[in-house]
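Any read-out appearing in this document is the output of simple, stated calculations on the displayed coordinates, not a laboratory observation. Nothing here was measured: the structure is a model prediction, and the numbers come from that model. Heads up, the Cβs are rebuilt from the backbone with ideal geometry, glycines too, and the neighbour counts pull from every protein chain shown.
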Amino acid sequence: AQSVTQLGSHVSVSEGALVLLRCNYSSSVPPYLFWYVQYPNQGLQLLLKYTTGATLVKGINGFEAEFKKSETSFHLTKPSAHMSDAAEYFCAVSLPRGGYQKVTFGTGTKLQVIP
Amino acid sequence: EAGVTQSPTHLIKTRGQQATLRCSPISGHTSVYWYQQALGLGLQFLLWYDEGEERNRGNFPPRFSGRQFPNYSSELNVNALELEDSALYLCASSPGWTKGTDTQYFGPGTRLTVL
């Protein structure tokens, strides 16, 4: 079984400040991990993903995330927030292929960027 | 390359009616997923189709059903609509569970309003 927990349903940062969105997962085997972004009234857009290899993953729009097995975490960061980053962010986990595939999404974190 | 497309963009129905939502996956993708995103409830997994077969369904009543066509497009049907069915319905596609990464790519969604 797998699960994902996003800490903080709402996060506010000032424009230009560090963005840190937290995600912890639970999985019986090394998982695949994803971050998606959703702008109002739109679908989800893939920001980045971790499957295997390098634990620091760079994505679009200047975001990156680091897979930390010891902490079962996959936190999303961006050095400097921009107004256009205001959106809802979802962390997701799935098990490596080889059988029934299920992607489990977190409950989402709404990011507010204050001018 | 065209992304996942969904139609219609908006759908307004009354209680007891039936709704049909459509999804076309990315070319070459064989898996289609349906999610319900109701206000305050996050993404709830509805159905997963791969190679024309229903592979799994979420915890939804049988009045939520669907199918996948030979061209891998999919249809979601909701019968006997209830007010609480009002939500954004998201479709996602992936290459398929036998083809490697199960990264899901999302469409823009269909906003269903039940009056």
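With no solvent and one equal point scatterer per Cα, compute the Debye intensity ratio I(q)/I(0) for chain B at 0.13 Å⁻¹ and report its log10, rounded to two decimals.
-0.44
Taking only Cα atoms and a 10 Å spring cutoff, compute GNM fluctuations for chain B and point out the largest among B:L88, B:L39, B:L21.
Of B:L88, B:L39, B:L21, the Gaussian network model singles out B:L39 as fluctuating most.
Over the alpha-carbon set of the protein assembly as shown, work out the extent along each principal axis and list the three values in angstrom, largest first.
Taking max minus min along each principal axis of the Cα atoms, the protein assembly as shown gives 48, 42, 33 Å.
How many Cβ atoms of partner chains, on average, are near each residue of B:31-37 if near means within 10 Å of its Cβ?
Rounded to a whole number, the mean comes out at 2.
If you filter segment B:1-89 for GluC sites (Glu not before Pro), then keep DSSP loop positions with at most 13 other Cβ within 10 Å, what is left?
Sparse-neighbourhood loop GluC sites (Glu not before Pro): B:E1, B:E51, B:E82.
Within chain A, how many lysine pairs that are 8 or more places apart, or on different chains, have C-alpha atoms less than 21 Å apart?
14
Would you mind telling me which residue in B:S86, B:S24, B:S74 has the biggest mean-square fluctuation in a Gaussian network model of chain B, where springs connect alpha carbons within a distance under 10 angstrom?
Greatest mean-square fluctuation among the candidates belongs to B:S86.
Where in chain A lies the longest segment free of GluC sites (Glu not before Pro) that are both loop residues by DSSP (not H, G, I, E, B) and have at most 16 other Cβ atoms within 10 Å?
That gives A:16-70 as the longest site-free run.
For chain A, with equal point scatterers placed on the C-alpha atoms only and solvent neglected, what are the log10 I(q)/I(0) values from the Debye formula at q = 0.11, 0.12, 0.13, 0.19 1/Å, to two decimals?
Listed by q, the Debye log ratios stand at -0.33, -0.39, -0.46, -0.95.
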